[in-house]
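Undergrad: First the structure, then my questions, so here it is.
The values are calculated or read from the model by the stated rules, or taken from the named source; none is laboratory data. In this text the structure is predicted, and so the values were computed from the model without any measurement. Positions of Cβ are backbone-derived with ideal geometry, glycine not excepted, and every protein chain shown enters the neighbour counts. Only protein heavy atoms, including side chains, enter the accessible area calculation; ligands, DNA and RNA are left aside. Shrake-Rupley method; radii C 1.70, N 1.55, O 1.52, S 1.80 Å.
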Amino acid sequence: MSALLEIASLSVVYNGVPAVDGVHLQVAAGESVALVGGSGAGKSTVARAVAGLVTPTAGSIRFDGIDLTAAARRRGRALRRGMHLVFQDPYASLPPGLRVGEIVAEPMVIHRIGTRDSRRAAVLEALEAVRLAPATDFAARYPHELSGGQRQRVAFARALVTRPRLLLADEPTSGLDASLRLEIVDLMTELARTQGLAVVHITHDLALAGHSCDRIVVMRDGRIVETGSTATVLANPSHQYTAALVAAATGAH
Ligand SMILES: Nc1ncnc2c1ncn2[C@@H]1O[C@H](COP(=O)(O)OP(=O)(O)OP(=O)(O)O)[C@@H](O)[C@H]1O
């Protein structure tokens, strides 16, 4: 089976300083992958390159078999409609003056997708998918009338409404308390399975990554130092750096 997202030999250099150096990563539809590493490891830069927000210095990014780095700008933009980014601060990213229903509908309005009625149906379906029920009740609320976890669910509903095939979530749980963090990572894995999404979850928290994702990829200094199934990486890390992260995450000495 070919992967939905295939990153090969990706390098990004900022002002002469390498931030990402020869990264290979493949993510299949229905799979949730955690990209883990400390501050400055280059995780966000990988996501930004996939999303077209930074230009790679070398390498290729294939989405659904098409090389985004070689595609013309316009075609690249059209292809990237099949992916959606969720950032860390759900409160800052939700316009305070709009109701949840309007916020979730926004990507469809921007991309001129559907009619008023079909948009409303899609909004309610997306709110149900992220378990904000009753959806009609949540659609009528404002962001300040929601908890932090509910706000992040709204951000995911907004991400889902245009039916993306790839979800890139960059530290989507920071600012949430421990139990909400677990709820959000469970939700991402559930969405991968039920909606056939490819999910890339960027986090510095290995314990959180290990909670429910299928595979863990560890980055350090712009490079991938380890990749494997979640169970294998946690139980039997092959790289010293991963072993240190596992020890820190499990409280072992
Ligand atoms: N726009 C930029 N201009 C110059 N350097 C940058 C820029 N963005 C990131 N960097 C540098 O690139 C390196 C990788 O940063 P990146 O944000 O990708 O790491 P990260 O693993 O996501 O870290 P964090 O967990 O702290 O967000 C860092 O050394 C950072 O200082």
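Undergrad: Would you mind listing how long the stretch 147-246 runs along its three principal axes, going by Cα atoms, in whole Å with the largest first?
TA: That gives 40, 28, 24 Å along the principal axes, largest extent first.
Undergrad: Kindly write out, for the stretch 39-56 in residue order, the coupling ³J(HN,Hα) from the Karplus curve 6.51 cos²θ - 1.76 cosθ + 1.60 (θ = phi - 60°), rounded to whole Hz, with x marking Gly and Pro.
TA: 4, x, 5, x, 4, 5, 5, 4, 4, 5, 5, 4, 7, x, 8, 10, 9, x
Undergrad: Applying a 10 Å radius around every beta-carbon, put 28-38, 116-126 in order of their mean neighbour count, most first.
TA: Most protected by this proxy first, the peptides run 28-38, 116-126.
Undergrad: Now a separate question. At 1.4 Å probe size, with the rest of the protein present, what percent of the exposed accessible area of the chain is carbon and sulfur atoms?
TA: Percent of accessible area from carbon and sulfur atoms in the chain: 50.
Undergrad: Please give the contour-minus-distance gain from His211 to Thr57: 0.36 nm per residue of separation, less the Cα-Cα distance, rounded to one decimal in nm.
TA: The His211-Thr57 span can extend by a further 52.1 nm.
Undergrad: What does the helix-only formula give at 222 nm for the chain: each DSSP H stretch with n ≥ 4 adding -39500 (n - 2.57), the total divided by the residues, and the result rounded to the nearest 500 deg cm²/dmol?
TA: Per the formula, -12000 deg cm²/dmol.
Undergrad: Something else about it: Expected output is a single nm value to one decimal: the length gained when fully extending between Asp67 and Ile113, i.e. 0.36 nm times separation in residues minus the C-alpha distance. What is it? Present the calculation step by step, with values, prior to reporting the outcome.
TA: On the way: separation 46, 0.36 × 46 = 16.56 nm, distance 2.53 nm.
Stretched out fully, the Asp67 to Ile113 stretch lengthens by 14.0 nm.
Undergrad: Between Ser179 and Ala248, what is the label-to-label distance in nm when each label sits 7 Å out along the Cα-to-Cβ direction?
TA: Here the modelled spin labels are 2.7 nm apart.
Undergrad: Using the C-alpha atoms of the stretch 5-250, what convex hull volume per residue, in cubic angstrom, is computed?
TA: Working: hull volume 30.4 nm³, N = 246.
Here the figure is 123 Å³ per residue.
Undergrad: Follow-up question, since we're still on this one. Each residue of the stretch 166-177 in order: what ³J(HN,Hα) in whole Hz does its phi give by Karplus 6.51 cos²θ - 1.76 cosθ + 1.60, θ = phi - 60°, with x for Gly and Pro?
TA: 10, 10, 10, 10, 9, 6, x, 10, 5, x, 9, 6
Undergrad: Hey, another quick one. Can you work out the PRE-style zone for Asp186? Point 7 Å along Cα to Cβ, and I want the residues of the stretch 158-180 with backbone N under 15 Å.
TA: Only 177-180 pass the distance filter.
Undergrad: Using θ = phi - 60° and the Karplus form 6.51 cos²θ - 1.76 cosθ + 1.60, what ³J(HN,Hα) does each residue of the stretch 229-244 get, whole Hz, x for Gly and Pro?
TA: After applying 6.51 cos²θ - 1.76 cosθ + 1.60, I find 5, 4, 4, 5, 4, 6, 7, 9, x, 9, 9, 4, 5, 5, 4, 5 Hz.
Undergrad: Would you mind checking which residues have amide H under 5 Å from Leu85's amide H? H placed 1.01 Å from N; only 5 or more apart, or other chain.
TA: Leu168
Undergrad: Roughly how many debye, to the nearest 20, is the charge dipole of the chain about its Cα centre, given +1 on each Lys and Arg Cβ, -1 on each Asp and Glu Cβ, and no other charges?
TA: 940
Undergrad: Answer rounded, prolate or oblate for the stretch 33-155, using the Cα gyration tensor with square roots of eigenvalues a ≥ b ≥ c: rounded when a/c is under 1.5, else prolate when a/b is larger than b/c, else oblate.
TA: oblate
Undergrad: If you roll a 1.4 Å probe over the heavy atoms of the protein chains, what accessible area per residue do you get for the stretch 67-175, in Å²?
TA: For the stretch 67-175, the solvent-accessible area averages 51 Å² per residue.
Undergrad: Then there is this: Put +1 on the Cβ of every Lys and Arg and -1 on every Asp and Glu Cβ in the chain; which of Thr173, Ser60, Phe138 then has its Cα farthest towards the positive end of the dipole?
TA: The one lying farthest along the dipole's positive direction is Ser60.
Undergrad: Continuing with the same structure: Pull up all non-local amide H partners of Ile224: gap of 5 or more, or a different chain, and H-to-H distance under 5 Å with H placed in the peptide plane.
TA: His24
Undergrad: Moving on to the next point. Connecting C-alpha atoms closer than 10 Å in a GNM of the chain, tell me which of Gly175, Gly210, Gly97 has the biggest fluctuation.
TA: Maximum among the listed residues: Gly97.
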